[in-house]
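Okay, structure first, notes after.
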Amino acid sequence: MFQIVWFKKDLRTVDHPALFEAAKRGPVLPLFIVEPDIWSGPDMSARQWDFARECLTELREDLARLGQPLIVRIGKAVSVLTELRRQTDFKALWSHQETGNGATYERDIKVAAWCAANGVTWNERRQDGVARRLKSRDGWARQWDQFMAQDILSAPNLAPITDIEPGSIPLASEIGLRADHCPGRQSGGRKQSLATFASFLTERGQPYRAAMASPLSAEIHCSRLSPYLTWGTLSMREVTRASIGKQRELKEMRDRSGWRGSMSSFHGRLHWRGHFMQKLEDEPAIEFENFHKAYDGLRPQEPDTARLTAWKNGETGLPFVDACMRALAQTGWMNFRMRAMLVATASYHLWLHWRATGEHLARVFTDYEPGIHWSQMQMQSGTTGINAIRIYNPVKQGYDQDPEGVYVRRWLPELDGVPDSFIHEPWKWGQAGEVLGKVYPFPIIDHLAAAKEARQKVWAVRKGTEFRNEAKRIVHKHGSRKSGIPMRGGDMPTGRKKTKEPEQLSLLDPS
Ligand SMILES: Cc1cc2nc3c(=O)[nH]c(=O)nc-3n(C[C@H](O)[C@H](O)[C@H](O)COP(=O)(O)OP(=O)(O)OC[C@H]3O[C@@H](n4cnc5c(N)ncnc54)[C@H](O)[C@@H]3O)c2cc1C
């Protein structure tokens with residue numbers, strides 16, 4: 001009698017609680033189900049699949065070395081399981097606890113019902129420090145720490161199972177995904193994850209804290225682990241424990257080079273990952289609905305198509321915004337601050353609903369992680385009701401983060417001839433007529449006037465006892481209780497004083 005280990009977003013063999021425990025109980029059939037229904041969703045894309053495909057190819061080899069290669073099936077999860085059950089009569093299904101999008105949530109409900117009806121036990125195990133059926137956020141950070149402190153599980157040996165066709169790993173086009181050219185995308189797979197993490201811990205991470213704000217330095221000095229954590233080629237526990245080890249080592253060395261601050265900031269962000277994923281776990285509706293109901297109807301649900309298209313294509317006429325968007329399209333990655341600026345520009349200056357813009361960003365991010373993504377989309381759009389409203393000034397951000405226009409010129413070569421002093425506001429340049437309206441658009445909005453109007457509209461909602469009571473409810477349900485690691489913008493009702501992590505000071509400056 002064997003058991004199925006259903007791989008989802010946990011594409012590794014090391015520190016894999018479901019695989020480890022299943023293997024202790026007997027032969028294991030490792031399975032990945034490619035679900036075209038889920039991949040056809042508005043937040044999914046070929047670049048994500050291409051990345052996952054590379055991870056799966058390596059996982060298949062790793063599992064084969066352990067004794068039993070990965071089998072791959074295409075279809076709806078319940079249909080695939082039904083067919084496997086017919087062939088093999090397995091009695092137990094193992095997987096990690098997934099905090100995914102609405103489509104995977106619905107799918108899991110169907111799988112749970114199928115298991116119950118067919119006498120199959122479904123054993124789900126934690127991997128992200130996210131807790132199921134959490135009653136209260138009190139003590140959440142402590143339980144996260146405890147989970148991350150547990151031992152790393154080794155990859156188990158697996159007994160081979162014969163007579164099962166492995167199945168091929170389809171190309172994106174074979175599961176109906178549109179071509180998605182992303183030449184700068186990070187490569188998938190466990191080996192690449194380990195190499196990326198090693199270079200961060202030994203060299204790249206030293207100036208992390210100071211370097212994370214500018215897209216020029218962030219691309220080198222940020223960890224770049226996000227797609228690997230999203231697809232689970234590294235476990236959160238592996239990364240967290242290594243980060244704690246590095247911090248200990250630096251303390252013993254009395255390091256004064258900046259490493260210690262950087263590693264402390266990095267470690268804080270690993271907590272944030274779980275913190276944000278927990279929000280979606282506790283309230284799946286935040287993928288689709290405003291956290292704070294007072295914002296319902298504030299922005300039109302149907303976005304202005306011309307504005308949305310200009311924003312998506314990097315053609316707003318605001319050079320720094322457009323450069324970031326074009327870089328994202330070509331690489332699948334962006335640093336935190338520039339993601340936040342892209343969203344703020346869309347949600348405030350262009351007054352677009354976060355759902356439409358969030359779908360586009362989800363598709364272009366190789367690291368799309370629904371729990372972080374939808375929480376952040378709402379935070380940066382001002383609809384949580386509990387975070388500071390931050391309307392980034394896209395021109396000021398440009399001058400701050402890319403003073404010589406190196407980044408802008410890299411991604412918008414049509415602005416090559418614009419002098420540095422006008423690179424972020426070419427409309428002010430005496431010879432603007434040579435460029436604007438010819439090779440690059442005039443700005444589609446007056447960004448200062450648009451920001452002012454948006455601020456007034458958003459603040460107008462933030463009044464009255466009813467608003468505050470709902471905000472208190474949200475803080476109670478989702479707010480961080482950990483005083484040492486404040487969240488960006490603070491998870492507390494607006495108006496209360498916040499503590500700030502050093503590198504957050506600039507982020508929270510009036511933008
Ligand atoms: C609108 C918006 C959408 C975002 N969507 C995603 C997403 O879909 N997937 C995703 O992984 N991150 C998302 N982020 C968070 C953050 O921008 C990325 O995690 C980070 O830029 C990834 O680069 P890195 O791995 O080099 O991060 P590092 O700075 O090296 O951080 C290490 C890890 O910590 C976690 N982390 C870092 N910052 C945050 C944060 N603010 N909140 C939660 N976890 C964090 C990530 O897992 C990251 O890989 C989003 C941010 C914004 C503003």
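The values are calculated or read from the model by the stated rules, or taken from the named source; none is laboratory data. Here the structure is a predicted model, which means the values were calculated and not measured. We place every Cβ from the backbone using ideal geometry, glycine too, and count neighbours over all the protein chains shown.
The helices (runs of 4 or more DSSP H) located wholly in the range 114-232 that include 1 or more residues which are of a type outside the set (K, R) and either without any contact (Cβ under 8 Å) to a residue 24 or more places away in the chain or outside the structural domain of F276 (by TED's automatic domain parsing) (or both) occupy 140-149, 190-199, 208-211, 215-221. All told, D15 meets the bar of being assigned to a loop (DSSP other than H, G, I, E, B), touching a residue at least 40 places away in the same chain (Cβ under 8 Å) and touching a helix residue (DSSP H, G or I) at 6+ places or on another chain (Cβ under 6 Å). Any residue at all in the range 252-263 that is in a helix (DSSP H, G or I) and within 12 Å of the ligand (Cβ to nearest atom)? Yes, the range 252-263 has at least one match.
In the condition set (1) modelled with pLDDT of 95 or more; (2) in contact with a Lys or Arg (Cβ under 6 Å, 6 or more places away or on another chain), H478 is compliant with all but (1). Taken across the range 395-406, residues that are within 16 Å of the ligand (Cβ to nearest atom) and in the same structural domain as A329 (by TED's automatic domain parsing) do occur, with at least one present. Within the range 63-76, residues that are closer than 16 Å to K24 by Cα have Cβ atoms under 9 Å from residues that are surrounded by 19 or more Cβ atoms within 10 Å (Cβ to Cβ) and among the small types (G, A, S) in these pairs: L66/A23, counting only partners at least 6 apart in sequence or on another chain.
Taking the listed residues Y392, Y407, the one that is hydroxyl-bearing (S, T, Y) and closer than 15 Å to H447 by Cβ is Y392, with no other qualifying.
Being assigned to a helix (DSSP H, G or I), outside the structural domain of T331 (by TED's automatic domain parsing), of a type outside the set (S, T, N, Q) and closer than 27 Å to V239 by Cα is a property that R60 has. In the range 75-91, the residue that is farthest from E359 (Cα to Cα) out of those that are surrounded by fewer than 21 Cβ atoms within 10 Å (Cβ to Cβ) and in contact with a helix residue (DSSP H, G or I) (Cβ under 7 Å, 6 or more places away or on another chain) is F90.
So is G258 buried (at least 20 other Cβ atoms within 10 Å of the Cβ), within 30 Å of R204 (Cα to Cα) and either in contact with a Lys or Arg (Cβ under 8 Å, 6 or more places away or on another chain) or modelled with pLDDT of 95 or more (or both) or not? Judged against the criteria, G258 is not a match. Yes or no: the range 73-89 includes at least one residue that is at pLDDT below 95 and part of a loop (DSSP other than H, G, I, E, B). Yes, that holds for at least one residue.
Just one of the listed residues (L298, L225) is touching a helix residue (DSSP H, G or I) at 6+ places or on another chain (Cβ under 8 Å) and within 12 Å of the ligand (Cβ to nearest atom), namely L225.
Checking every residue in the range 269-286 against the condition of being in the same structural domain as K477 (by TED's automatic domain parsing), in a helix (DSSP H, G or I) and closer than 30 Å to R410 by Cα gives zero matches.
Only one of the listed residues (E359, E369, E414, E434) is free of Cβ contacts under 8 Å to residues at least 24 places away in the same chain and of a type outside the set (V, I, T). That residue is E434. Assigned to a helix (DSSP H, G or I), small (G, A, S), touching a Phe, Trp or Tyr at 6+ places or on another chain (Cβ under 8 Å) and surrounded by fewer than 19 Cβ atoms within 10 Å (Cβ to Cβ), is that true of A454? So A454 does not fit the description; no. Here is the figure for the range 305-330: residues that are acidic (D, E) and outside any helix (DSSP H, G or I) total 1. Quick check on the range 131-142. Is at least one of its residues among the polar types (S, T, N, Q) and either surrounded by 12 or more Cβ atoms within 10 Å (Cβ to Cβ) or within 21 Å of I74 (Cα to Cα) (or both)? No, the range 131-142 contains no residue that is among the polar types (S, T, N, Q) and either surrounded by 12 or more Cβ atoms within 10 Å (Cβ to Cβ) or within 21 Å of I74 (Cα to Cα) (or both).
If you check S265 against the conditions, is it polar (S, T, N, Q), within 28 Å of S347 (Cα to Cα) and modelled with pLDDT of 95 or more? Judged against the criteria, S265 is a match. Taking the conditions exactly as written (under 26 Å from the mean Cα position of the chain (by Cα) and part of a loop (DSSP other than H, G, I, E, B)), does E98 satisfy them or not? Criteria met by E98.
Return yes or no: is F20 part of a helix (DSSP H, G or I) and either touching a residue at least 24 places away in the same chain (Cβ under 8 Å) or at positive phi (or both)? Criteria met by F20.
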